[in-house]
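Following: one structure in structure tokens, then a few remarks.
The values are calculated or read from the model by the stated rules, or taken from the named source; none is laboratory data. Computed from a predicted model, the values in this text were never measured in an experiment. No Cβ is skipped: glycine too gets one built from the backbone with ideal geometry, and neighbour counts run over all protein chains shown. Surface accessibility is based on the protein's heavy atoms, side chains included, excluding ligands, DNA and RNA. Shrake-Rupley method; radii C 1.70, N 1.55, O 1.52, S 1.80 Å.
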Amino acid sequence: LETELGTIRLLGINTPEKNFHGYEQAKQFLKPLENQTIQLQKDKENKDKYNRFLRYAIYNNRNLNIEIAEHGLATIYMTKDLALEEKFQRAQQQAKQAQLGLWQQSNNKCSQCISLIELDPQNEFFILKNICTKTCNLAGWYAKDAGRNIFHIPNLESNQQITINSTKHVWNNDHDEFFLRDENGLLVIYYSY
């Protein structure tokens, strides 16, 4: 968010990047609040390493950060030391169980065929396998971490396994998330460690 103070980073959530599934929905969720007075509340830290103010957005006593997670329009992100960590966890769990927004499951015929065999955060790679007896056209499919790192997935022949290496440090060694999404951005695999 841009404000007269500068750029605001909404605490506890990570919305999709522009041109990815869910971006427009998250944008539209906040659209009715343009030109409204929104309170910005700080948690423990004032700014992030990009010099953005870290804040909760409060409108009419509603915490918009939590609401965005409840609607599945964002995944929770870096909530470990936040005062509202439990609320973020509950919001995401509810959205996940209801398959809202980013938690909507893929109905692509290959979504049942692709399996995450291994994710190695120390050595920066993951392995996917097509466990079906048919070739899967995975054009437009992508994997990502909890942050903004994206991996495009190639087609996989029947029973083919592929190792995808990171060219930079992507996977946090202590905790991260893995999302595999189909060509429509719908969820195929979610893994958290």
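Computed quantities for the displayed model
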item: Scope the stretch 1-21; condition at pLDDT 95 or above and on the phi > 0 side of the Ramachandran plot; matching residues; result: G12
item: Whichever residue in the stretch 97-109 is in contact (Cβ under 8 Å) with a residue 40 or more places away in the chain and not in a loop (DSSP other than H, G, I, E, B) and, among such residues, is farthest from D182 (Cα to Cα); result: G101
item: Hits in the stretch 156-193 - residues which are closer than 22 Å to A98 by Cα and crowded, with 17+ Cβ neighbours inside 10 Å; result: E177, F178, F179, L180, R181, D182, G185, L186, L187, V188
item: Matching residues in the stretch 41-69 - criterion: being out of contact with any Leu (no Cβ under 8 Å at 6 or more places or on another chain) and open to solvent by 40 Å² or more (accessible area, probe 1.4 Å); result: Q41, K49, Y50, N51, R52, N60, N61, R62
item: Residue that is in contact with a Ser or Thr (Cβ under 7 Å, 6 or more places away or on another chain), at pLDDT 95 or above and of a type in the set (A, V, I, L, M), where the choices are I117, I127; result: I127
item: Of all residues in the stretch 101-124 being hydrophobic (A, V, I, L, M, F, W, C) and surrounded by 15 or more Cβ atoms within 10 Å (Cβ to Cβ), the one that is nearest to the chain's Cα centre (by Cα); result: L102
item: Residue count for the stretch 18-77, restricted to those that are part of a loop (DSSP other than H, G, I, E, B), charged (D, E, K, R) and free of Cβ contacts under 8 Å to residues at least 12 places away in the same chain; result: 4
item: Test for F29: is it under 13 Å from T15 (Cα atoms), of a type in the set (F, W, Y) and open to solvent by less than 60 Å² (accessible area, probe 1.4 Å); result: yes
item: Residue among Q36, Q93 that alone is at pLDDT 95 or above and open to solvent by 20 Å² or more (accessible area, probe 1.4 Å); result: Q93
item: Subset of the stretch 40-86 [within 15 Å of the chain's Cα centre (by Cα) and not polar (S, T, N, Q)]; result: I66, I68, A69, E70, H71, G72, L73, A74, I76, Y77, M78
item: Candidate set from the stretch 125-155 (those that are of a type in the set (S, T, N, Q) and open to solvent by less than 40 Å² (accessible area, probe 1.4 Å)); member that is farthest from I76 (Cα to Cα); result: N130
item: Single condition K80 does not satisfy, out of (1) at pLDDT below 95; (2) of a type in the set (K, R); (3) surrounded by 13 or more Cβ atoms within 10 Å (Cβ to Cβ); result: (3)
item: Evaluation of E86 against (1) more than 18 Å from Y191 (Cα to Cα); (2) open to solvent by less than 90 Å² (accessible area, probe 1.4 Å); (3) at pLDDT 95 or above (one fails), failing number; result: (2)
item: Exclusive hit being among the hydrophobic types (A, V, I, L, M, F, W, C), touching a strand residue (DSSP E or B) at 6+ places or on another chain (Cβ under 7 Å) and within 24 Å of Q99 (Cβ to Cβ), set L54, L33, L10, L40; result: L10
